[in-house]
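To keep things clear, I will list the structure first and then write my remarks on it.
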Amino acid sequence: MNGLKYIRVRCNLSLNDLAECIGVTRQALSAWENGKKEIPEQRKEQLSEFFGIDQRYFGEISEEEKITLLEKAMFRYDHNGRESYRYKPQDKDGKNQHIYFLPDTRISMDEKYVLAQKRKQEILEKADDIIKWTDHAGSIASQIACINRGCSIYGMTNDLMEMMRNMEKMILKMPFYYELMSVWKAMLLAYGHMEQEEISGSAPSEAHWGEDPEWIIQMAEVIRKHWDAERSYHENCEEERRKQQRKEKENKEQLKGKDQITRAEEQNRQFREKCSESGKEAVLVSSASDHHD
């Protein structure tokens, strides 16, 4: 692994940024990182002074040397309005300087920032799609109900995130964040959208710091029992409703059949009456004819 490239990426500097800072071309810097050309001694001294680190780290580095770089304190700089880091404080006396221990990374902070922004946009678009009614056949009332439900859920989440941000003690921010994550994961686990192996396989953490797999699984069991009871209740209610609908339908069918019979009988009665009246008229006509004769 090339140490110069590893250090440059960790310090959040592009090839152009570093080349401009030390006064070389981008092509020359790239050739040093790719091992195509040796770094001149004068440039090694310049790089050592710039980053605040020993020259031996600019060639090929071992895993032990990489670990040493990971464990070294870093300090934040502003480079042309962009954030970068070095292994020496910006002020000579080191006052008012925050110390950073950045994780191992293969991409720069700027690239991570772009990816994070992209993910944020995707989440916002997905949230917008979830809380609006996408079925055009839905009524306005359905659309309003769907939007209000979504806003209630995301609104409560926003309130919790706002509480976390406004906490006075920094040491409580991350435990609060992990508490929220644990609740969401327990719900996903309880509802079958996450496998238990995904939780129990997590690295163990200290109490009240980070995620607690055992507590998530325990909380998921409580949620699952509650959800099973809730689902069973509603399913029974739904089944009763369907039975009632079937019964009402059968009653309607029976009533419909009875109505048909009643109408048929009424039509038959009217027909017989007409026939009877026609018979009487025939008798009267016959009697009148005999009398005339």
Would it be correct to say that Leu124 is loosely packed, with under 12 Cβ neighbours inside 10 Å and either more than 30 Å from Ser152 (Cα to Cα) or not basic (Lys, Arg) (or both)? yes
So in region 75-102, with the set limited to residues that are at pLDDT 90 or above and of a type in the set (Lys, Arg), which one is farthest from the chain's Cα centre (by Cα)? Lys88
Please go through region 1-19 and pick out each residue that is of a type outside the set (A, V, I, L, M) and loosely packed, with under 15 Cβ neighbours inside 10 Å. Asn16
Scanning region 141-193 residue by residue, those among the acidic types (Asp, Glu) and not in a helix (DSSP H, G or I) turn out to be Glu168
Whichever residue in region 242-264 is more than 57 Å from the chain's Cα centre (by Cα) and polar (S, T, N, Q) and, among such residues, is modelled with the highest pLDDT: Thr262
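The values are calculated or read from the model by the stated rules, or taken from the named source; none is laboratory data. Everything numeric here is computed off the predicted structure, so don't read it as measured data. Using ideal geometry, Cβ is built from the backbone for each residue, glycine included, and neighbour counts are taken over all protein chains shown.
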